[in-house]
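Undergrad: One structure follows; several queries about it will come next.
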Amino acid sequence: MFENDIEWIFPEKIEKVYESLKKEGSRIHSGGLTLNRLRPSNVKTLIDLQKTGLDFLSIEQGIIQIGPYLSVGEFIERSKDLKKDGNILVFLADVFSNAGSTSIRNRMTIGGSVVGAPSWSDIIPPLVAVDAKIEIFSGEKKQIDILELINNKPQKPFVVTKITVKDQDLNWFYRRLTNVRFDYPYMNFCAVRSNEKVKCVLRGSEERIKIFDIEEYKNEKITFRDDMYFSADYKRHLLDIYIKETKENLGC
């Protein structure tokens with residue numbers, strides 16, 4: 001794939017990852033699924049995160065802490081064994097299990113999905129729905145909301161060091177529009193109910209990400225585009241069905 005000579009490094013400290021990332025032609029390698037989208041001539045150094053210890057998953061004082069290097073497949077397996085008060089981990093594992101095939105989930109990392117935030121991601125909607133926070137390092141650590149990272153990604157180099165979510169109980173509903181089971185979704189819809197409110201997260205419309213309360217839903221305010229498989233009208237009709245099913249399943 002890469003014809004030019006590439007330096008492959010394995011730093012152990014976040015500071016070293018960051019300093020290496022500032023050099024021209026440096027790219028982070030986590031699961032490796034996005035490497036085929038890079039122009040080989042522009043890549044001089046690959047920074048492998050496997051020695052950084054960023055593949056953790058824990059719950060501390062009611063806060064779920066997810067390492068960005070943790071693969072989606074490993075997250076699903078480890079989440080089964082953690083003692084938890086709420087069911088957020090069950091929810092995330094349930095939705096994450098829709099992402100690709102088993103082999104893809106075993107390579108896809110949580111951090112790579114958050115930083116790349118592709119429109120077809122099954123990882124982004126549930127994390128947005130539960131107001132995930134992202135800790136980044138760019139000389140110093142700071143925490144930002146996941147929406148801020150998606151909509152206003154920092155221009156200077158940064159390293160995601162942690163994803164955190166408050167552990168709690170909720171009910172959820174998730175649907176994805178695909179051709180086959182492990183295909184990328186052309187639209188995905190996630191709704192979570194905590195207390196009396198139902199928060200909906202939609203991807204696949206003309207907006208990068210659409211968030212709304214189910215009681216404020218108005219179909220005509222959401223616009224879609226035709227694609228090679230599904231028309232805008234079909235997606236709009238399907239969203240109406242998703243909303244109806246959400247109300248039935250979550251008792252709205």
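Quick note: the coordinates plus some simple rules give every number you see, no bench work behind them. None of these values were measured; they are calculated from a predicted model. With ideal geometry, Cβ positions are generated from the backbone for all residues, glycine too; neighbour counts draw on all protein chains shown.
Undergrad: Once the Cα atoms of region 171-250 are picked out, what are the Rg and Dmax in Å?
TA: Taking only Cα atoms of region 171-250, I get Rg and Dmax of 12.3, 40 Å.
Undergrad: How much of the DSSP bridge set in the chain is antiparallel, in percent, rounded to the nearest 5? Mind showing how you got there, number by number?
TA: Working: 37 of 44 bridges.
Given both bridge residues lie in the chain, the antiparallel proportion sits at roughly 85 percent.
Undergrad: Sorting TRP172, TRP8, TRP120 on the 10 Å Cβ count, fewest up front, what's the list?
TA: On the way: TRP172 24, TRP8 9, TRP120 17.
Ascending Cβ contact count within 10 Å gives the list TRP8, TRP120, TRP172.
Undergrad: What is the helix-to-structure angle for 232-250, meaning the angle in degrees between its Cα long axis and the longest Cα principal axis of the chain, kept from 0 to 90 and rounded to the nearest 10?
TA: Tilt of helix 232-250: around 80 degrees.
Undergrad: Where Lys and Arg each count +1 and Asp and Glu each count -1, what net charge lies around VAL192 among other residues with Cβ under 12 Å from its Cβ? The partial results should precede the final answer.
TA: Details: positive: ARG193, LYS197, LYS199; negative: ASP94, ASP131, ASP169, ASP213.
Residues near VAL192 contribute -1 overall.
Undergrad: Moving on. So what is the 222 nm mean residue ellipticity for the chain from helices alone, if each DSSP H run of at least 4 adds -39500 (n - 2.57) and you divide by all residues, rounding to the nearest 500 deg cm²/dmol? Please list the in-between numbers first.
TA: Details: 8 runs with 67 residues, N = 252.
Roughly -7500 deg cm²/dmol at 222 nm, from the helical runs in the chain.
Undergrad: Still on this structure, please answer the following. Using Cα springs under 10 Å in a Gaussian network model of the chain, which residue among MET228, MET187, MET108 shows the largest mean-square fluctuation?
TA: MET228
Undergrad: Now, a different point. So which trypsin sites (Lys or Arg not before Pro) in region 38-94 end up in coil per DSSP with only 11 or fewer other C-beta atoms within 10 Å?
TA: Details: sites: LYS44, LYS51, ARG78, LYS80, LYS83, LYS84; in loops: LYS44, LYS51, LYS80, LYS83, LYS84.
For trypsin sites (Lys or Arg not before Pro) across region 38-94 that sit outside H, G, I, E and B with at most 11 neighbouring Cβ atoms in 10 Å, the list reads LYS80, LYS83.
Undergrad: Got a sec? Charge dipole of the chain, +1 on Cβ for Lys and Arg, -1 for Asp and Glu; which of LEU89, ILE28, LEU70 is way out at the positive end?
TA: Checked the options; the winner is ILE28.
Undergrad: Separate question: Which label marks the calculated value of semi-axes √(5λ) of the Cα gyration tensor in Å, given the options (i) 31, 19, 16; (ii) 32, 22, 16; (iii) 37, 27, 15?
TA: The listed entry that was calculated here is (ii).
Undergrad: Would you please give the FRET efficiency between ASP233 and THR178, computed as 1/(1 + (r/R0)^6) with r the Cβ-Cβ distance and R0 = 22 Å, to the nearest 0.05?
TA: After rounding, the FRET efficiency stands at 0.75.
Undergrad: Work through the residues other than ILE241 whose Cβ is under 14 Å from its Cβ and net out their charges, Lys, Arg +1 and Asp, Glu -1. Working shown, then result.
TA: Numbers: positive: ARG175, ARG176, LYS235, ARG236, LYS244, LYS247; negative: ASP233, ASP240, GLU245, GLU248.
Computed value for this residue: +2.
Undergrad: Between SER231, SER138, SER97, which gets the highest mean-square fluctuation from a Gaussian network model of the chain, Cα cutoff 10 Å?
TA: Between SER231, SER138, SER97, it is SER231 that shows the largest mean-square fluctuation.
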